[in-house]
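In what follows, a structure is listed as structure tokens, so that the remarks can point back to it.
The values are calculated or read from the model by the stated rules, or taken from the named source; none is laboratory data. Given the structure is predicted, the values throughout are model-derived calculations rather than measurements. All Cβ positions, glycine included, derive from the backbone under ideal geometry; neighbour counts span all protein chains shown. With ligands, DNA and RNA removed, areas are computed over all heavy atoms of the protein, side chains included. Shrake-Rupley method; radii C 1.70, N 1.55, O 1.52, S 1.80 Å.
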Amino acid sequence: MNSELLLKNLNPQQQQAVQHHTGPLLIIAGAGSGKTRVITHRIAYLIAHYKVKPMNILAVTFTNKAASEMQDRVKGLIGPVADFVTISTFHSFCARLLRIEGEHIGIKRGFTIYDANDSENLAKKVLSELNLDPKRFPEKMMLGAVSTAKNNLILPEDYPEDSFTEEKIKQFYKLYQSKLRESNAVDFDDLIVQTVLLFKKHPEILKKYQDRYQYIMVDEYQDTNHTQYILVALLAADHKNICVVGDDDQSIYSWRDADIRNILEFEKDFPNTTTIKLEQNYRSTCRILEAANSVISHNLNRKPKTLWTENPKGEKVIVYRAASERHEAQFIADEIKRLTKKGVRLKDIAILYRMNSQSRVIEEVFLNNNLPHVIYGGIRFYDRAEIKDTLAYLRLIANPYDTISFNRAINTPRRGIGPATIAKIEQSKEMLGLSYLDTLLQAKSIPGLGGKLKVLTEFAENWYHLTATQDQLTITELVESIWKTSGYMEMLENEGTDEALSRIDNLKEFLSVTKSYDERAKDQGSLNGFLEEISLISDIDRYSDESNAVSFMTIHSAKGLEFPVVFVTGLEEGLFPSSRSLYDEHQMEEERRLCYVAITRAMHLCYLTYAETRFLWGQTSYNMPSRFLSELPDEADDSDTEKAAVSVKTNSGQPSPDLKSGDKVVHEKFGKGIVIEVKGEGASREAAVVFDSSGLKKLLLEYAKLKKID
């Protein structure tokens, strides 16, 4: 392809980024500034103009959806040669590398990738063996500590022991890793950690991949953690042709150990960096951008930039005050019905929230109003019991050492195998040093099996047959064979309940997944390849605009997406920004970045809604409007006067009594109490009240309906 055509229709900054040849490059890409276009055109330009071999280019990002979109776009620019460019997520790249090189550090090729649910099941076994009280040391807390350690490249032997809790975490971490190794398994974090360890322990393997990947591009660099930073730095250390693309204003994953310093300090880490800012936005209207810029400008820890656009000025950002979360949901439903009458499609609309729990009331109102919608972030398809059962069988065929999958499959369908029998199998497996499959194939030599011998031998023979024939079968055929030989499908058909029929429908849907893989992979497919793809899929990878339905999702899930119409809900102090951030400036800045991300998802219309009262976590709260609303430009449209429904208006503010410290009051829900403090002015006037029945509550006087009593 003519390389000059690749520069056509790019702005000057985009052209400069695409034409950059060698040396470190930092692209600060504001929301909607065409960063994917720049990355894909740069890959194509390196090949077409600088004659870089496609196999020498590596591009990594964070979601399968983003990687797939990049691959398709590069292919559209330069044709089939794009297939030789490695475009992948971090985790997929490391998984494939470990399949090839992992045996150098003791990881067998057929290793299993444990998801969060598998890790929790393994954690329960570890806690039990260590005699640790799961109430004092919950598995999620312990796994969270281990994940943070891994994301900061702290190995079990290096974990600190400065407190009793840290000592226990270190014990847990060591045994957890040992159990993973026994199962020939890794968790998500291990994919990156073990790749870094492989490179550090075997410089010759690192050199092999440095020579292979002479040009490296990292998308969403602001989301990288320390271990990912080390991985990229190691790969780029020789040729130094590293290009990172990101936006510090969209760094919203510190809770996943993402380190904003990676992008803020890139120029210091990589001397002689060329820095290019992409500030022209192609997504949103002027007014939406003005709102986003106005909010984010209140952050101090950022690289200065101002998004601008040649798009139309557009409609004002609408701020809507509702009396309650149900009124908020009804307003959204009514507004969507109004918009659809004007020709807006449901699939062009997204409802964003800070936490998944906020979606419940909105969903109820949508069901009552017959509004089609899709919720992203509920129970993942691959977390459903029948899918997990099927995957357990597939994983055992690929990896006969997998403890978690063995414990799941051995009694599904029920075979009457109890904990005592499983313990005998475990004991024999360890003594013989064999896999679960080889141990069961010698079941006659396991003492004390009694009447279970026949069923275990049959299970092992079926398992062996499936393992021996897997290479002659497509994944679809292998799955159907599992259901038949195990009796799984027959079990569900015999149940005949609505739940069983629903589970059968899910299994049929799973076959559409396997068939899709078989078609794409053709002769190159493998069971390990299929399991890897399934293991690393995220819920948002399911996002599709093919069905005409409103999208419900958290703001975190929405990053990278765009919608003509966006409703950002729950903009209240303590909810968004979250209560955890109120006394921590770094966390508050991240909450503000989250608000910036939410607003910049909108292309044409942006609604920001909040409720005066909200029933959440089992109690009613009276929250102040979010501080982010006060940071909007003056012209943002407060629809309390212009668009509010009559029912909402009549339910909003009440005359507040003149109260002072020491006054006795009564509240319709909390009962009698004593005022201990009154502060603020006007609509922000707030009282701290100690109630006889429910303790201290802070209430906005305009909405709390307090009555003064003698």
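Picking from S626, S557, which residue would you name as being without any contact (Cβ under 8 Å) to a residue 60 or more places away in the chain and either within 20 Å of L300 (Cα to Cα) or open to solvent by 10 Å² or more (accessible area, probe 1.4 Å) (or both)?
On inspection, the qualifying residue turns out to be S626.
Within segment 562-571, is there a residue that is over 28 Å from N370 (Cα atoms), assigned to a loop (DSSP other than H, G, I, E, B) and in contact with a Leu (Cβ under 8 Å, 6 or more places away or on another chain)?
no
Only one residue in L434, L453 is in a loop (DSSP other than H, G, I, E, B), open to solvent by 20 Å² or more (accessible area, probe 1.4 Å) and aliphatic (A, V, I, L, M). Which one?
L434
What single numbered condition from (1) open to solvent by 50 Å² or more (accessible area, probe 1.4 Å); (2) on the phi > 0 side of the Ramachandran plot; (3) in contact with a helix residue (DSSP H, G or I) (Cβ under 9 Å, 6 or more places away or on another chain) fails to hold for N370?
Of the numbered conditions (1) open to solvent by 50 Å² or more (accessible area, probe 1.4 Å); (2) on the phi > 0 side of the Ramachandran plot; (3) in contact with a helix residue (DSSP H, G or I) (Cβ under 9 Å, 6 or more places away or on another chain), the odd one out for N370 is (3).
Using the structure shown, decide if P400 is touching a helix residue (DSSP H, G or I) at 6+ places or on another chain (Cβ under 6 Å), surrounded by 19 or more Cβ atoms within 10 Å (Cβ to Cβ) and part of a loop (DSSP other than H, G, I, E, B).
yes
Do any helices (runs of 4 or more DSSP H) entirely within segment 228-327 hold 3 or more residues that are within 28 Å of R627 (Cα to Cα), and if so, which?
So the answer is 261-264, 286-296.
Any idea which of A398, A385, A392, A409 is within 23 Å of M489 (Cβ to Cβ) and in contact with a Phe, Trp or Tyr (Cβ under 6 Å, 6 or more places away or on another chain)?
Among A398, A385, A392, A409, only A409 is within 23 Å of M489 (Cβ to Cβ) and in contact with a Phe, Trp or Tyr (Cβ under 6 Å, 6 or more places away or on another chain).
Are there any helices (runs of 4 or more DSSP H) wholly within segment 124-215 with 3 or more residues that are surrounded by 21 or more Cβ atoms within 10 Å (Cβ to Cβ), and if so which?
139-151, 164-182, 188-201
Please state which one of T36, T40 is in a helix (DSSP H, G or I), open to solvent by 10 Å² or more (accessible area, probe 1.4 Å), hydroxyl-bearing (S, T, Y) and closer than 20 Å to Q13 by Cβ. Walk me through it before giving the result.
Values: T40 fails: open to solvent by 10 Å² or more (accessible area, probe 1.4 Å).
Step by step, each of T36, T40 is checked, and only T36 is in a helix (DSSP H, G or I), open to solvent by 10 Å² or more (accessible area, probe 1.4 Å), hydroxyl-bearing (S, T, Y) and closer than 20 Å to Q13 by Cβ.
Can you tell me which residues in segment 1-33 are touching an Asp or Glu at 6+ places or on another chain (Cβ under 7 Å), part of a loop (DSSP other than H, G, I, E, B) and among the hydrophobic types (A, V, I, L, M, F, W, C)?
Scanning segment 1-33 gives a single hit, A31.
Could you tell me which of the residues Y376, Y353, Y382 is within 23 Å of K559 (Cα to Cα), out of contact with any Pro (no Cβ under 8 Å at 6 or more places or on another chain), of a type in the set (F, W, Y) and modelled with pLDDT of 90 or more?
Y353
Every residue in segment 440-450 that is of a type in the set (G, A, S) and either under 44 Å from the mean Cα position of the chain (by Cα) or part of a loop (DSSP other than H, G, I, E, B) (or both), please. Before you say what the answer is, go through the steps one by one.
Within segment 440-450, the first condition is being of a type in the set (G, A, S), and the residues that meet it are 443, 445, 448, 450.
A443, G448 - these are the residues of segment 440-450 that are of a type in the set (G, A, S) and either under 44 Å from the mean Cα position of the chain (by Cα) or part of a loop (DSSP other than H, G, I, E, B) (or both).
Where residues in segment 45-74 are touching a residue at least 24 places away in the same chain (Cβ under 8 Å) and among the hydroxyl-bearing types (S, T, Y), which of them is nearest to N2 (Cα to Cα)?
Y45
Filter segment 242-295 for residues that are open to solvent by 10 Å² or more (accessible area, probe 1.4 Å), aromatic (F, W, Y) and touching a Pro at 6+ places or on another chain (Cβ under 8 Å) and give the result.
Within segment 242-295, F270 is the sole residue that qualifies.
Give segment 485-505 a look and list any residue that's surrounded by 12 or more Cβ atoms within 10 Å (Cβ to Cβ) and either among the β-branched types (V, I, T) or touching an Asp or Glu at 6+ places or on another chain (Cβ under 8 Å) (or both), or say none.
The answer is T485, Y488, L492, A500, R503, I504.
What are the pairs with Cβ atoms under 9 angstrom where one residue, in segment 95-124, is farther than 13 Å from D189 by Cα and the other, located anywhere, is open to solvent by 40 Å² or more (accessible area, probe 1.4 Å) and among the hydrophobic types (A, V, I, L, M, F, W, C)? Sequence gap at least six, or different chains.
R109/I100
Residue by residue through segment 572-593, note down the ones that are among the hydroxyl-bearing types (S, T, Y) and either in contact with a Gly (Cβ under 8 Å, 6 or more places away or on another chain) or not in a loop (DSSP other than H, G, I, E, B) (or both).
S578, S579, S581
Residue-by-condition table, conditions (1) more than 24 Å from V317 (Cα to Cα); (2) among the charged types (D, E, K, R):
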{"site": "R520", "(1), (2)": "yes, yes"}
{"site": "N528", "(1), (2)": "yes, no"}
{"site": "E546", "(1), (2)": "yes, yes"}
{"site": "V550", "(1), (2)": "no, no"}
{"site": "R580", "(1), (2)": "yes, yes"}
{"site": "L605", "(1), (2)": "no, no"}
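Sort through S551, S557 and tell me the only one that's closer than 27 Å to S359 by Cβ, in a strand (DSSP E or B) and of a type in the set (G, A, S).
The unique qualifying residue is S551.
List, please: which pairs have Cβ atoms under 9 Å, are six or more places apart or on different chains, and start with a residue in segment 332-360 that is touching a residue at least 60 places away in the same chain (Cβ under 8 Å) and closer than 26 Å to F576 by Cα and end with one that is basic (K, R) and outside any helix (DSSP H, G or I)?
From residues that are touching a residue at least 60 places away in the same chain (Cβ under 8 Å) and closer than 26 Å to F576 by Cα, the pairs are E335/K643; A350/R601; L352/R601; Q358/R614.
Which one of these does F406 not meet: (1) part of a helix (DSSP H, G or I); (2) loosely packed, with under 14 Cβ neighbours inside 10 Å; (3) touching a helix residue (DSSP H, G or I) at 6+ places or on another chain (Cβ under 8 Å)?
(2)
Residues in segment 94-115 that are in a helix (DSSP H, G or I), in contact with a helix residue (DSSP H, G or I) (Cβ under 8 Å, 6 or more places away or on another chain) and either hydrophobic (A, V, I, L, M, F, W, C) or buried (at least 16 other Cβ atoms within 10 Å of the Cβ) (or both): how many?
9
For segment 142-178, how many residues meet the condition of being under 26 Å from the mean Cα position of the chain (by Cα) and within 13 Å of V126 (Cβ to Cβ)?
10
For segment 541-572, which residues satisfy the criterion of being acidic (D, E), farther than 22 Å from T285 by Cα and at pLDDT below 90? Before the answer, list the steps.
The first filter runs over segment 541-572 and keeps only residues acidic (D, E), leaving 541, 545-546, 562, 572.
Keeping just the survivors that are farther than 22 Å from T285 by Cα gives 541, 546, 572.
Selection gives D541, E546.
Within segment 45-93, restricting attention to residues that are assigned to a helix (DSSP H, G or I) and among the polar types (S, T, N, Q), which residue is most open to solvent (accessible area, probe 1.4 Å)? Spell out the reasoning first.
The initial filter retains those residues of segment 45-93 that are assigned to a helix (DSSP H, G or I), namely 45-48, 54-56, 64-84, 90-93.
Those still in the list that are among the polar types (S, T, N, Q) too: 56, 64, 68, 71, 92.
Working: N56: 21, N64: 45, S68: 61, Q71: 43, S92: 10 Å².
Per the criteria, the residue is S68.
Could you please find all residues in segment 303-338 being among the charged types (D, E, K, R) and open to solvent by less than 50 Å² (accessible area, probe 1.4 Å)?
The first filter runs over segment 303-338 and keeps only residues among the charged types (D, E, K, R), leaving 303, 305, 310, 313, 315-316, 321, 325-326, 328, 334-335, 337-338.
Correct list: K303, K305, R321, E325, E328, E335.
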